Amino acid sequence: QVQLVESGGGVVQAGGSLRLSCTASTRTFSIYVMHWFRQAPGKEREFVAAITWRGGNTFYADSVKGRFTISRDSAKNTVYLQMNNLEPEDTAVYYCAADRLLATDTARLPTYWGQGTQVTVSV
């Protein structure tokens, strides 16, 4: 069992930045692929970014490429999502998720999920 706790959400103006953090309660953090998903009101949950076990490979949704950066600190069991140049369309609840495999397709979602953190981007 893996417990995930997100933090760092908030309200920011368009063009601003936020950094989300997700800390995992597991001794085997390094074996999990860490993901960020988001869900806006009235919309389906969508993949945002993922990072493989030792941080060697990263994956991004087209909508966030060049603006968001995912990283991980295995010593702290923590994954980060640096979000720059935020747009109102980025407003959503952001979820951290973990799985032994890469799971970017909503047809097969990651196994473990955090409770989510709200990000609101105002115009």
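The values are calculated or read from the model by the stated rules, or taken from the named source; none is laboratory data. Here the structure is a predicted model, which is why all the values come from computation and not from measurement. For neighbour counting, all protein chains shown are included, and Cβ atoms are generated from backbone atoms with ideal geometry for every residue, glycine included. Accessible surface areas use protein heavy atoms only, side chains included; no ligands, DNA or RNA. Shrake-Rupley method; radii C 1.70, N 1.55, O 1.52, S 1.80 Å.
Scanning region 1-48 for residues that are loosely packed, with under 14 Cβ neighbours inside 10 Å, under 15 Å from the mean Cα position of the chain (by Cα) and outside any strand (DSSP E or B) turns up just one, 17.
Within the span defined as region 47-58, one or more residues are at pLDDT below 95, of a type in the set (Ser, Thr, Tyr) and more than 17 Å from residue 21 (Cβ to Cβ).
The set of residues from region 49-66 being part of a loop (DSSP other than H, G, I, E, B), open to solvent by 30 Å² or more (accessible area, probe 1.4 Å) and under 22 Å from residue 91 (Cα atoms) comprises 62, 63, 65, 66. Look at (1) within 16 Å of residue 101 (Cβ to Cβ); (2) out of contact with any helix residue (DSSP H, G or I) (no Cβ under 6 Å at 6 or more places or on another chain) and you find that residue 21 fails only one, number (1). For region 71-115: of the residues being among the small types (Gly, Ala, Ser) and buried (at least 17 other Cβ atoms within 10 Å of the Cβ), which is farthest from residue 8 (Cα to Cα)? The selected residue is 103.
Yes/no matrix, rows are residues, columns are (1) out of contact with any helix residue (DSSP H, G or I) (no Cβ under 8 Å at 6 or more places or on another chain); (2) of a type in the set (S, T, N, Q); (3) free of Cβ contacts under 8 Å to residues at least 40 places away in the same chain:
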position	(1), (2), (3)
65	yes, no, yes
81	yes, no, no
87	yes, no, no
103	yes, no, no
106	yes, yes, no
117	yes, yes, no
